[in-house]
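Asker: Sharing a structure, written as structure tokens. Questions coming.
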Amino acid sequence: MQHRTITTVALAAALALAVPTTAWASPSGHHSERTATTSTVTYTASDAVIPNPSRGFDHTTETHYRADGTGYTPLDAATLRSYRAEGVTQVVRVFYMEAFVQQRQLSPAWLALVQHDYDTARAAGVGVITRFAYVQGGSYPYSAPYGDADLPTVLAHIEQLTPTLRRNADVIPTLQGGFIGLWGEGYYTDHFASDPANPGVLTEADKDARRQVLQAELAALPSSRSVQVRTMQMKQDALRTPSGTAGALTPAQAHDGSAASRIGHHNDCFLASPDDFGTFLSNPLSLDQDYLAAESRYVPVGGETCAVNAPRSEYPSASAEMAKYHYSYLNLDYNKDVLATWGADGMTDAAKKLGYRFTMTSSTATSGANPSVAVSIRNDGWAAPYNSRPVQLVLTDGDRRVTVPVDADASSWQPGQSVTVRSSLADVPNGRWSVALALPAPEASVAADPAFAIQTANTGTWDASTGVNRLGQTVVVQH
């Protein structure tokens, strides 16, 4: 629902973007032929779950490639479309590479299967948070040898995966570190802990080997993409930084392209115990907790629950922590015992607030010789977009369409914050233009696909066919 106020002002006041309270007339008592008109529209917030890219609940999938070439289960287009229908826009995809544990050359056949998965996801409008690993765990307790690959093999595989990762970055919101240890979680490993029987104790050589893997992954990805590590200590060791707020990513570093700005976190035992089964490793634990709370404003954070741990794993506590740590995604498939305690209301609330939730509050449009538009937006989610997201105004006049870039990036719109973006329409041709706000994907391959565009949490504004948010504004450009 939109509410409109229109006020006429003299051309001399046309640059003002706030709604004027006085109509100024020309000295003769008649309005100038080129009098500017300012229109303000307010918007109604929606209470619906909004399926937007790179946020929300995910489904987690896995596939295998064994030495005999068996085990690969491709992503299914119909299944992915059904996920979108339930409001899920992304999957976590674990590619197990059993066939290549002792083989440095990846097979073209397997690389083709991986590429086909990304193509399937792109066509379905679904993102693929990606992890590569060599082996799963069996029954606890786990014992060496675990069966993962050594450092030279891992580095060779990352190099060969580089073209695939770069080619498909448009549907890879983030890459989980993977490769090392059972499930690619970096703990139970034959080659990245000097004593595999005591994998929690790492030497400087172990840390350097892990650092090389993380550096290789960052180099394999385009600079627009990040790698998530399993514990805060993994990032701290890689960068040789301390825990606590002293070591956390700063606002000045955010999105600057540095390694620090491109390493996020995934917690696959969220809420399970005081230290989340070894996720928080600092002494005291509050150092890692403060570290994550500070830097999660700018990097991807997600994961899954893994054990009932009442009352902390129940929704009042869980939602407070997801807000504190700026969670963008959470596994819908595991642990279902934990999620069941959240109830329908808790699950709906989380589905709304995981990641960003942009709500337009009002817009002001000025017609005339100096046309302009301003839009005010509030982030009601738990996080900002962790990847760059351009902001545009899209103007249509019959068959004509003009896109006006706005000097803003939605990745800077922090939770709880309200922003106003403004743009002159000085370069727009004369005409009577309908105006919309667009938040498209930055990659040309999916920029025109509405499935990868951001819908604001408003009623009656979304144009699903074009992926823009209609402002209900008409601007008359009269140069």
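Asker: When you go through (1) touching a Phe, Trp or Tyr at 6+ places or on another chain (Cβ under 9 Å); (2) not in a loop (DSSP other than H, G, I, E, B) one by one for ALA441, which number turns out not to apply?
Answerer: (2)
Asker: Tell me which strands (runs of 3 or more DSSP E) are completely within region 354-407 and hold 1 or more residues being at pLDDT 95 or above, hydroxyl-bearing (Ser, Thr, Tyr) and farther than 17 Å from THR38 by Cβ, or say none if there are none.
Answerer: Counting at least 1 such residues, we get 358-366, 390-397.
Asker: Oh, and also: Within region 390-404, track down each residue that is more than 16 Å from TRP433 (Cβ to Cβ) and either touching a Pro at 6+ places or on another chain (Cβ under 7 Å) or without any contact (Cβ under 8 Å) to a residue 12 or more places away in the chain (or both).
Answerer: Answer for region 390-404, where residues must be more than 16 Å from TRP433 (Cβ to Cβ) and either touching a Pro at 6+ places or on another chain (Cβ under 7 Å) or without any contact (Cβ under 8 Å) to a residue 12 or more places away in the chain (or both): just PRO390.
Asker: Looking only at region 326-342, which residues are open to solvent by 30 Å² or more (accessible area, probe 1.4 Å), of a type outside the set (Asp, Glu) and part of a helix (DSSP H, G or I)?
Answerer: LYS336, ALA340
Asker: Could you tell me whether region 414-431 includes any residue that is touching a helix residue (DSSP H, G or I) at 6+ places or on another chain (Cβ under 8 Å), part of a loop (DSSP other than H, G, I, E, B) and open to solvent by 60 Å² or more (accessible area, probe 1.4 Å)?
Answerer: no
Asker: Does ALA447 fit the bill of being among the hydrophobic types (A, V, I, L, M, F, W, C), surrounded by fewer than 22 Cβ atoms within 10 Å (Cβ to Cβ) and assigned to a loop (DSSP other than H, G, I, E, B)?
Answerer: Yes: the conditions hold for ALA447.
The values are calculated or read from the model by the stated rules, or taken from the named source; none is laboratory data. Small disclaimer: the values here were computed from a predicted structure and weren't measured. Backbone-built Cβ (ideal geometry, glycine too); neighbour counts: all protein chains shown. These area figures cover heavy atoms from the full protein model, side chains too; ligands, DNA and RNA do not enter into them. Shrake-Rupley method; radii C 1.70, N 1.55, O 1.52, S 1.80 Å.
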